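The values are calculated or read from the model by the stated rules, or taken from the named source; none is laboratory data. All figures in this text were calculated on a predicted structure; none of them were measured in a lab. Because the Cβ atoms are built from the backbone with ideal geometry, glycine has one as well, and the counts that use them run over all protein chains shown. Quick note on the areas: whole protein, heavy atoms, side chains included, nothing else; ligands and nucleic acids left out. Shrake-Rupley method; radii C 1.70, N 1.55, O 1.52, S 1.80 Å.
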Amino acid sequence: MKCFSISLLFFFIVNALSFAQITGLPSLGEELKVKDEISYRFQQSTQQIDKFPVSNFVDEDHYFIGPNDVLSVLNMPSSLNPEILKVSPEGKIIIPRVGIVNLKGFSLYESKIEIERAIKKINPNANVSVLLYIPRIVLVKVSGNVRNPGVYSLPANFRISDAIVVADQENPEINTMQSLPGYKSYFENRRNERAKNFAGKGLASDKFYVSRNITVFNQQFGFKKVDLEKRDTSNSFEHNPYIREGDEIFVPFEPEYFEYVSIAGAVIRPGKFAFRKGDKASDLLKFGIGLKNNADLSNVILVNDGLNIKLTVDSNLNVVGEDIELKPFASIIVGENPEQISNGVGLVKIYGCINRPGIYKIEEGKTRILDVLKESGGVTNEANLTLAYILRDFPPLEIWNDPFAQYARYFKNSNLTMEDSTRFKIDLNYKFSYVACDFVQLLRSNSSKDNVLLQDGDLIVIPAAKKRIYVWGQVKNPGYIDFVEGKDCNYYIEKAGGLLTTAKSNRIRIVRGVQKIWYEPDNLAILDGDEIYVPREPDLPPGFEFQYYSLVATGIATLISLTYLIINLTRRN
């Protein structure tokens, strides 16, 4: 009996080992290896998706499931961890312990319903949650009026407008002209200037044809017209759907003439928009993107088929009452209330060596600099009036972005010499909107011409006295020298160790004030904060002295010859 028990145990062990080695039944190590491989592939897919920006949340009613979409399916209480499932090329997924579920042609919402139905068929009490874990990558072709036409790999949660934006990005390697200095900013500034001069006045000068006539062709789903203007006003997926495998997107070029409808007046974006049959007055109103602050909604006029029709419009640009269908070349004019340019009251800032620095109210056209200085308690003893200034405003932002445009505007009709033009460019780079005001004359001599009128936003700066002079250039010990009232240029040069042998003494200059004005030192008293610059003898090119003296010798010889000739002619007479 004992031998029989041992034999039976041996039989079970051998069978267990043999069963574990049957082909098609993976070991635990192989199963873990497969899971690691799947995890690695998902990680690679996630990294690829993460390279793309996200334009908006995915809408489950309009996103259609396709091959390589990855879904997260949580089936509780059967599992506490979600299953990560990839859609097959046939549009199917395999759910462990449930089976195959066909999702071909289903939206994300319909797919969630179908997966839940399949799981509850096995376990009616299951609590099911389904999420789009990773959207698939699809190939789309973009052609026509874009900077970089071609085939693009993009996530399926991109919409048609997103694909166009990607294809229309600047690519210096493809568009060489885009990489030239100033090229981009030049045209941007021209567009901005045009918008400021025309669209800012409410005129319908801009044309919008391309955005309403984009075509999408797909061999499986056929042709579709994309209307990005209605996309912007309604966020409708009908006018801007998600991209799908095989989409061919064509962005048209703007023709010279086309039928349009226009909106003008007190709207954010006036313009002429390509006419599409079925356009309503409410559509055109929303093409303007919004109302200006001075919009008069009691004065909205529709000019349609030769008739002037007064519209009743709410603050959301919805037409109250009949929403009239538009004819080609219809126009809507949104009335404007007069804007108050100024209430006559402004604010200025004064800081530095002032008894009560801060922000002060002014009356434009009335308040002067002395009024504000008096209200702020006057300047302190430490003030350096030579360096005080009033700054009205800073140069416009476009000048900083593209100084070339500023140069071109000034030089268009210039008759300056080459040397003057070079100096002008330097001056233009450091052009600030200073207000002409001599604070020394204003406060010490009560100069009426320096008691300037202030404007809203003026900045008044009274810096502290430096109590020093800076001497530099061709001196033995350049640097700061303590300021002594009434001393002239020679005193500070001596304090700096005197001139070097390389100094050009007749070209010494005093640099003064916040604008760095250069003065000759002729009996000029030095003021606190001045700089004294001592230039060197000019470096002459090789052979210059020889040429110079040769020219002098030639001139002398010519003069002697002429003198001799005149003497001889005189004697003969």
Accessible area of the range 62-113 belonging to carbon and sulfur atoms, whole % at 1.4 Å probe: 59 percent
Convex hull volume of the range 213-350 per residue (C-alpha atoms, cubic angstrom): 191 Å³
Residues of type lysines that LYS280 reaches as a straight line, Cα spacing below 29 Å, ignoring anything fewer than 8 places off in the same chain: LYS196, LYS201, LYS207, LYS224, LYS225, LYS230, LYS272, LYS292, LYS310, LYS327
Set of lysines near LYS366 by C-alpha distance (under 30 Å), chain-local residues within fewer than 8 positions excluded: LYS349, LYS374, LYS431, LYS449
Simple spin-label estimate for THR570 and PHE223 in nanometres, 7 Å along Cα-Cβ: 10.3 nm
Distribution of pairwise C-alpha distances over the range 71-123, 5 Å bins, in %: 4, 20, 34, 28, 11, 3
When the range 101-170 is reduced to its Cα atoms, the Kirkwood hydrodynamic radius in Å: 14.8 Å
Under the Karplus curve 6.51 cos²θ - 1.76 cosθ + 1.60, θ = phi - 60°, whole-Hz ³J(HN,Hα) for the range 295-300, x wherever Gly or Pro sits: 5, 10, 6, 7, 9, 10
Carbon/sulfur fraction of accessible area - the range 414-523, other protein chains in place, 1.4 Å, %: 46 percent
Amide proton proximity set for PHE483, modelled H, under 5 Å, gap of 5+: ARG468, ILE469
Of the GluC sites (Glu not before Pro) in the range 470-549, those whose Cβ has at most 13 other Cβ within 10 Å and which sit in DSSP loop: GLU485
Cα-based Rg of the range 437-545 normalised by 2.2 N^0.38 Å, two decimals: 1.35
Net charge of Cβ neighbours under 12 Å - reference LYS292; Lys, Arg +1; Asp, Glu -1: -1
